[in-house]
Amino acid sequence: MFALVTSALLIAGGTVRFDQSFTPQFTQRQIQYSSEATRIGLARWAATPHGRKMLQFLAANACEVTVIEDDAERGIGRAPEPGIATLVAATTHPLQRKRFELILNPDYYRLPKDMWPLAGQPRNAADAMAIAWAGEILHIYFYAHGISLPHHSRVDFQNEWRAIAAELGMGTVPHGDDDEFTHSVIVRYVGYGR
């Protein structure tokens, strides 16, 4: 028998637990009410050094992240900025519960017919969800340090992003300020000639 590590993530109303190697152990309800791409993406991201570090930080600092799948989301994911009270509590009351939302749209990623992703870009919905977990939890990680938006242009944010994306094998995926209301990870692809 192995120990389960409780995390700060809530999917389908329940806490996601991880084994000692940070492999998520989903409940039957979580499997039933979340997409396979979302679950695979979480497993891929959690297996990275940055994924483990961020999961441990969020759990140790009284953070709770409610994960919502929404096929109406205008991108692969988004982590709405919390209210000012949560941002202030992050620096003044580290053990006070801080709640965040992570919105994912595993159905958003679709390559046009006869197109292939460039090297270092998501190849399928599970890859897109891994990069969405990485990007949006990075936002939440900054919020949990009391850092509000915008933070895409911060050197520390970009350094973390490049390292995380590289750990996922998608180091060419940028994360910028093109639109704060939709996910700003940009997927690039090229046509496939016949």
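Can you show me the helix-derived [θ] at 222 nm for the chain, built from DSSP H runs with n ≥ 4 at -39,500 (n - 2.57) apiece and divided by the number of residues, rounded to the nearest 500.
Numbers: 6 runs with 69 residues, N = 194.
The helix contribution divided over the chain gives -11000 deg cm²/dmol.
If I compute P(r) over Cα pairs in 10 Å bins from 0, in percent from the structure I just sent, which labelled value in (1) 8, 33, 35, 19, 5, 0; (2) 9, 37, 37, 13, 2, 0; (3) 8, 22, 19, 20, 20, 9, 1 lines up?
(2)
Size of the dipole of the chain about the Cα centre, Lys and Arg at +1 and Asp and Glu at -1 on the beta carbon, nothing else charged, in debye to 20? Before the final figure, lay out each step's value.
Details: 18 positive and 20 negative charges, 88 e Å.
Here the chain has a charge dipole of around 420 debye.
Contour minus end-to-end for Thr15 and Glu36, with contour as 0.36 nm per residue of separation and end-to-end as the Cα-Cα distance? Numbers along the way, then the final one.
Numbers: separation 21, 0.36 × 21 = 7.56 nm, distance 1.71 nm.
Extra length from Thr15 to Glu36 when fully extended: 5.8 nm.
Using a cut-off of 15 Å between beta-carbons, work out the net charge of the residues near Glu160 (Lys and Arg +1, Asp and Glu -1, Glu160 not included).
Numbers: positive: Arg52, Lys53, Arg154, Arg162; negative: Glu136, Asp156, Glu167.
Within the 15 Å Cβ shell, the charges total +1.
Between Asn159 and Arg74, what is the label-point separation in nm under the 7 Å Cα-to-beta-carbon projection?
Once both label points are built, they end up 3.3 nm from each other.
Once you have the Kirkwood Rh of the stretch 1-107 from its Cα pairs, apply Stokes-Einstein at 25 °C and 0.890 mPa s and quote D in µm²/s.
In µm²/s, the coefficient is 169.
Separation between the Phe57 and Leu149 pseudo-spin-labels, each 7 Å from Cα along Cα→Cβ, expressed in nm?
1.9
For Phe142, what is the net charge nearby, where nearby means another residue's Cβ is under 13 Å from its Cβ and Lys, Arg count +1, Asp, Glu -1?
On the way: positive: Lys98, Arg154; negative: Glu81, Glu136, Asp156, Glu160.
Residues close to Phe142 contribute a combined charge of -2.
Antiparallel versus total DSSP beta bridges in the chain: what percent is that, nearest 5? Spell out each step's value before the answer.
Values: 12 of 22 bridges.
Around 55 percent of the beta bridges assigned by DSSP in the chain are antiparallel ones.
All of the numbers you see were taken from the coordinates with simple rules; none came from a lab. As the structure is a computational prediction, the values presented were derived from the model and not from experiment. Counting neighbours? That spans all protein chains shown, and the Cβs are built from the backbone with ideal geometry, glycine included.
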